[in-house]
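In what follows, a single structure is set out as structure tokens and then discussed.
The values are calculated or read from the model by the stated rules, or taken from the named source; none is laboratory data. Quick caveat, the model's predicted, so the values are computed rather than measured. Here Cβ is always computed from backbone atoms with ideal geometry, including for glycine, and neighbour counts include all displayed protein chains. In case anyone asks, the SASA skips ligands and DNA or RNA and just uses the protein heavy atoms, side chains included. Shrake-Rupley method; radii C 1.70, N 1.55, O 1.52, S 1.80 Å.
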Amino acid sequence: MKNLGKYIAFCNKFKNHNLPKLKFKVLNESYNYFYRNLYNINQDNIYRASFIIFLSSFSLIILLSLILIDLNLIIVILYSVILSLALSYKFNAILYQEINKKESEINAILYLIKIDFSLICKTLKKNSDYCISFIKLIKNYQIPISGDFKNILKRIHEGSTPEAELLKTITPSKDFNLYLKNLIINNFESRAEFNEFRENTLQKNYKIFLREVQSKISIIFFIGTFFPIGLCFLILFQLINLIILILLIPFYLYLLNFLSSKFVHKNTYLIGFLNNNSNIEKKKFNEFLLFLKSFAMNLKNNISPEKSFLKSYTQNKNEYEILKQTIKNQLTHLLNFNCSFHDIIQFFKLELKSIRYNLILDAIEKFVDENSKLSSEKIIDIINLVYKHQKLEKKLNLIIKGEKFKIFFFIFLLPILIGAISGMFPFFVVMTRNINSITPTISIGFNNIINFYYIILLSFVFISSISITSNNFLNIIKYQNKFLIIIISNLLFILTFISSFINIMNIV
């Protein structure tokens with residue numbers, strides 16, 4: 001993370017100060033270890049710095065609110081506390097999230113490491129140093145701990161023993177630590193119980209996420225529905241002016257997008273998870289898996305990697321739609337320029353332009369370099385892992401489809417409610433200003449121009465909030481034709497607003 005050094009330096013400024021500690025998370029021992037040994041910071045320093053952030057932000061928000069906004073002091077204090085706590089929590093979690101991200105990145109590729117090392121063990125001679133081979137393997141992967149293993153290798157060249165260095169190694173990933181511990185205990189023998197697919201932390205966390213996602217979607221529904229209704233009551237009781245009301249729209253947009261990214265569109269780091277991608281990308285990935293499966297089968301028949309690549313295309317070329325041209329381009333390189341398998345993989349990665357594809361292709365390239373025939377079963381293992389992830393993804397899609405009716409119900413009900421209520425607001429304002437008469441038409445004269453602009457601004461605020469709500473709800477269910485639904489929703493608001501406005505005007 002950028003500026004992480006400045007963040008740690010800022011927190012360490014308060015280590016000798018007797019300040020209150022604002023605690024949000026109770027860290028386990030492994031996180032405390034990384035705080036102390038990897039980042040040279042104590043968690044208490046972060047808690048003290050979080051209190052300073054809370055105090056500073058609270059004071060600033062209170063001051064700006066009293067200067068710029070004419071609101072009840074209790075309301076100002078309430079939202080100042082909420083915003084300050086939110087900022088403090090965000091600040092407090094920066095280092096925790098950095099370590100958590102590293103753990104997820106390691107866990108995402110751990111299964112590929114297990115497959116890779118098991119293949120290495122099968123190809124090495126019996127008197128080979130498996131420990132050194134493992135260290136070199138991790139050093140060559142593009143993961144957060146690769147630099148640590150480079151340093152381990154350097155210390156081994158200076159005289160340290162490999163096993164002693166690895167025994168001292170603790171990574172952010174519990175799964176990796178357990179795998180490494182088992183390897184050391186069993187003298188780096190490749191055993192099936194370490195290399196077969198087991199449910200790791202990422203998959204366990206995703207299953208927990210699946211159990212919680214329905215409740216989290218309900219929270220988004222609640223905020224998306226009652227934020228515009230809450231605005232209605234703030235206007236009705238004249239607790240907020242239109243300028244602040246307009247400024248709340250960007251905040252509302254950020255809030256819903258933030259909740260959606262945290263609750264629904266969460267980055268799971270699972271290789272086979274494509275829920276945040278388009279249907280075209282999903283189809284492209286499935287074609288890629290089909291190609292890999294055919295490629296693995298051809299390798300198993302003791303065919304060279306280059307010929308396997310060519311045969312994998314010709315066997316299933318009618319099945320490829322999106323990837324057809326991409327694969328043909330690689331075959332052109334292969335046939336016309338006498339490229340090696342390594343070159344084909346590099347060109348393939350450049351055209352696919354995705355970390356997901358790159359991870360898989362990098363692993364396959366390593367497998368083939370080590371032993372092309374034995375690599376076929378390892379490629380099938382990767383495909384089976386992806387299928388496992390896709391099954392989890394299907395469960396999420398089923399849950400989201402179950403919310404489809406509720407989403408459309410709220411999308412079409414909300415503008416009707418808001419339009420009916422907000423259509424009466426101009427007259428409440430007029431009455432509170434002790435205007436004695438209301439004419440059935442609105443002239444653009446000097447006396448009524450404020451009312452005219454009031455109606456325009458009011459409509460803009462509610463159309464914006466309804467559009468944001470509708471767009472966010474439709475994003476949850478991955479609805480394609482969002483623009484049409486949003487237009488219909490806004491038209492419902494406008495028609496209801498005008499109808500309510502005219503009816504009240506006729507009554508008055």
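Among the candidates Gln330, Gln325, which residue alone is out of contact with any Cys (no Cβ under 8 Å at 6 or more places or on another chain), surrounded by 16 or more Cβ atoms within 10 Å (Cβ to Cβ) and either free of Cβ contacts under 8 Å to residues at least 12 places away in the same chain or over 30 Å from Phe221 (Cβ atoms) (or both)?
Going through Gln330, Gln325 in turn, the sole match is Gln330.
Which of the residues spanning the stretch 18-36 are open to solvent by 100 Å² or more (accessible area, probe 1.4 Å) and more than 12 Å from Ala93 (Cα to Cα)?
Selection gives Asn18, Glu29, Arg36.
Got at least one residue in the stretch 265-282 being out of contact with any Leu (no Cβ under 8 Å at 6 or more places or on another chain), on the phi > 0 side of the Ramachandran plot and not small (Gly, Ala, Ser)?
no
Of the residues Asn177, Asn200, only one is under 30 Å from Ile383 (Cα atoms), surrounded by 12 or more Cβ atoms within 10 Å (Cβ to Cβ) and at pLDDT below 85; which?
Working: Asn177 fails: at pLDDT below 85.
Just one listed residue meets the conditions, Asn200.
Among the candidates Leu350, Leu374, Leu335, which residue alone is over 26 Å from Leu270 (Cα atoms), open to solvent by 50 Å² or more (accessible area, probe 1.4 Å) and of a type outside the set (Val, Ile, Thr)?
Leu335
Which residues, taken from the stretch 453-487, are assigned to a helix (DSSP H, G or I), touching a residue at least 40 places away in the same chain (Cβ under 8 Å) and closer than 25 Å to Asn397 by Cβ?
Selection gives Ile468, Thr469, Ser470, Asn472, Phe473, Leu474, Asn475, Ile476, Ile485.
Within the stretch 145-171, which residues are open to solvent by less than 20 Å² (accessible area, probe 1.4 Å) and either farther than 18 Å from Tyr130 by Cβ or within 27 Å of the chain's Cα centre (by Cα) (or both)?
Residues satisfying the conditions are Ile145, Ser146, Thr171.
Which one is farthest from Phe188 (Cα to Cα), of the residues in the stretch 117-156 that are hydroxyl-bearing (Ser, Thr, Tyr) and outside any loop (DSSP other than H, G, I, E, B)? If you could, list the steps in order and put the result at the bottom.
If we filter the stretch 117-156 for residues that are hydroxyl-bearing (Ser, Thr, Tyr), which is where we start, we get 118, 123, 128, 130, 133, 141, 146.
In the following step, the residues that additionally are outside any loop (DSSP other than H, G, I, E, B) were identified as 118, 123, 130, 133, 146.
Numbers: Ser118: 10, Thr123: 14, Tyr130: 6, Ser133: 10, Ser146: 19 Å.
Per the criteria, the residue is Ser146.
On the given criteria, is Ile243 assigned to a helix (DSSP H, G or I) and at pLDDT below 75?
Taking the combined requirement at face value, the residue satisfies it.
Given the conditions (1) part of a helix (DSSP H, G or I); (2) open to solvent by less than 60 Å² (accessible area, probe 1.4 Å); (3) within 28 Å of Pro172 (Cα to Cα), which single one is not true for Phe54?
(3)
Does the stretch 340-386 hold any residues that are within 18 Å of Ser278 (Cα to Cα), among the hydroxyl-bearing types (Ser, Thr, Tyr) and part of a helix (DSSP H, G or I), and which are they?
Once the filter is applied, which keeps residues that are within 18 Å of Ser278 (Cα to Cα), among the hydroxyl-bearing types (Ser, Thr, Tyr) and part of a helix (DSSP H, G or I), the stretch 340-386 yields only Tyr357.
Conditions: (1) farther than 30 Å from Phe237 by Cα; (2) modelled with pLDDT of 90 or more. Ser59 meets all but one. Number of the miss?
Of the numbered conditions (1) farther than 30 Å from Phe237 by Cα; (2) modelled with pLDDT of 90 or more, the odd one out for Ser59 is (1).
Picking from Asn72, Asn127, which residue would you name as being modelled with pLDDT under 80, open to solvent by 30 Å² or more (accessible area, probe 1.4 Å), within 24 Å of Ile152 (Cα to Cα) and not aromatic (Phe, Trp, Tyr)?
Matching residue, one of Asn72, Asn127: Asn127.
Going residue by residue through the stretch 295-303, is there one that turns out to be farther than 24 Å from Gln390 by Cβ and open to solvent by less than 80 Å² (accessible area, probe 1.4 Å)?
To start, the set of residues in the stretch 295-303 that are farther than 24 Å from Gln390 by Cβ comprises 301-303.
Within this subset, residues satisfying the condition of being open to solvent by less than 80 Å² (accessible area, probe 1.4 Å) are 303.
There is at least one residue in the stretch 295-303 that is farther than 24 Å from Gln390 by Cβ and open to solvent by less than 80 Å² (accessible area, probe 1.4 Å).
Which residue, of Tyr357, Tyr320, Tyr387, is open to solvent by 50 Å² or more (accessible area, probe 1.4 Å) and among the hydroxyl-bearing types (Ser, Thr, Tyr)?
Just one listed residue meets the conditions, Tyr387.
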